[in-house]
Amino acid sequence: MDPHDIVLHLYKAGLLSSDDVKIETLQGGVSSDIHLVSDGKNSFVIKRALAKLRVVDDWYADVSRNQVEQAYLQYVDKLMPGSVPAILHSDRNLGFFVMEYFGDEYLNWKDLLLRNDVNPQHAKEAARFLGRVHRQSWHDDRVSRNFDTTQNFFDLRIEPYLLATAKRHAPLSNYFEEEAKRMRETRICLVHGDFSPKNILIGPDRMIVLDCEVAWYGEPAFDLAFMMNHFLLKSLHFAPDWESYLALIDDFWGTYYSVLAYVHDTADLEGRVAHLLLMLFLARIDGKSQAEYITDGYKKDIVRRFVTRLLPLHELRLADLVGEWRAELRSHEKHWKEY
């Protein structure tokens, strides 16, 4: 749908009051059309899901995820008001919704990390957010019914990250396929599904979490591994200056665990996170959604060898994984000096 047609609906909804309307297409998303609309007084963001995602490989998903995203935003806003964008207008038939816009004073966390601006408080705050959502929805039958979106999660996460990577790494395929099966059958709490630095804004007095169209009632380990995978990737990207990014893993996991562990049984959660983290690490190298800033073939091969070596290990803890990765990075010290 042309964004100008959507603007007509915004006039009818009373969101626009001036004829001087500007429409700007926002970049960065692969799964939705996102536009910033401004009339000089007010600014809004319009989001509409795409049936075919903007990636090299064929990747399709049901556009009803637009409704799933709105449901997640509404659920979280009741739990933690102001932590997600407010929904200002929605049109189910046209498949879009309008949400509040955050100005230039809000910075994207991924951009900060890629500028080597690392603040452990950001990781802790993100972990507190995630821990509260998981804790509140843990084994909640009503939330489970409202977010029974396994097919959507399969299309957007299990197939492109796990199964696509399995096809490119036959010796490891059993691990990926078994994990994909386990994920499809797990029902524990409400999962964001795209919980990463690119979907978090850092504001003057609050953090805003965005882009929850992959929301699903399932495995909390996915959100945890998905976020910490970005810290691993940044540590590789900035090698040999990796230590501050690896420290974020401790900050994030420790804070999350403190929020959740005294309420729910999390005895085997860390092992599930570590196991999945290795798979997602390789998926961002050889899956359908590859990290755009890891382009060096030498670095990609480091990840491939590392995951191939550690994935068969049982009862791997996060501290073990981080320690092994730190040692792996150090073993390439000569290359980093020449790089």
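All of the numbers you see were taken from the coordinates with simple rules; none came from a lab. Note that this is a predicted model, so its numbers are computed, not measured. Heads up, the Cβs are rebuilt from the backbone with ideal geometry, glycines too, and the neighbour counts pull from every protein chain shown.
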Send over the semi-axes of the stretch 278-325's equivalent ellipsoid, whole angstrom and largest first, taken as the square roots of 5 times the C-alpha gyration tensor eigenvalues.
20, 11, 9
Note: Ser258 to Tyr106 extended length (0.36 nm per residue) minus current alpha-carbon separation gives 52.0 nm
Listed by chain and number, the residues whose amide H is under 5 Å from that of Met207, excluding neighbours fewer than 5 places away on the same chain and using placed H, are none
Relative contact order as a percentage, the stretch 107-338, C-alpha pairs under 8 Å and 6+ apart, gives 24
Table column - 3J(HN,Hα) (Hz), the stretch 267-277, Karplus curve with 6.51, -1.76, 1.60, x for Gly and Pro
3, 10, 5, 4, x, 5, 5, 4, 4, 5, 4
In nm, what is the difference between 0.36 nm times the number of residues separating Arg330 and Asp148 and their Cα-Cα distance?
61.1 nm
Which aspartates and glutamates have a Cα less than 19 Å from the Cα of Lys124, not counting those fewer than 8 places away in the same chain?
Asp111, Asp194, Asp205, Asp223, Glu243, Asp250, Asp251, Glu270
Where in the stretch 158-178 is the amide nitrogen less than 16 Å from a point lying 7 Å along the Cα-to-Cβ axis of Glu315?
none
With 10 angstrom as the radius, rank Thr295, Thr149, Thr308 by how many other C-beta atoms surround their C-beta, starting from the fewest.
Thr295, Thr308, Thr149
Just order 164-173, 231-240 by mean Cβ neighbour count inside 10 Å, highest at the front, would you?
231-240, 164-173
With x for Gly and Pro, the residue-by-residue ³J(HN,Hα) of the stretch 289-297, computed from phi through the Karplus equation 6.51 cos²θ - 1.76 cosθ + 1.60 at θ = phi - 60° and given in whole Hz, is 10, 8, 5, 5, 9, 9, 10, 6, x
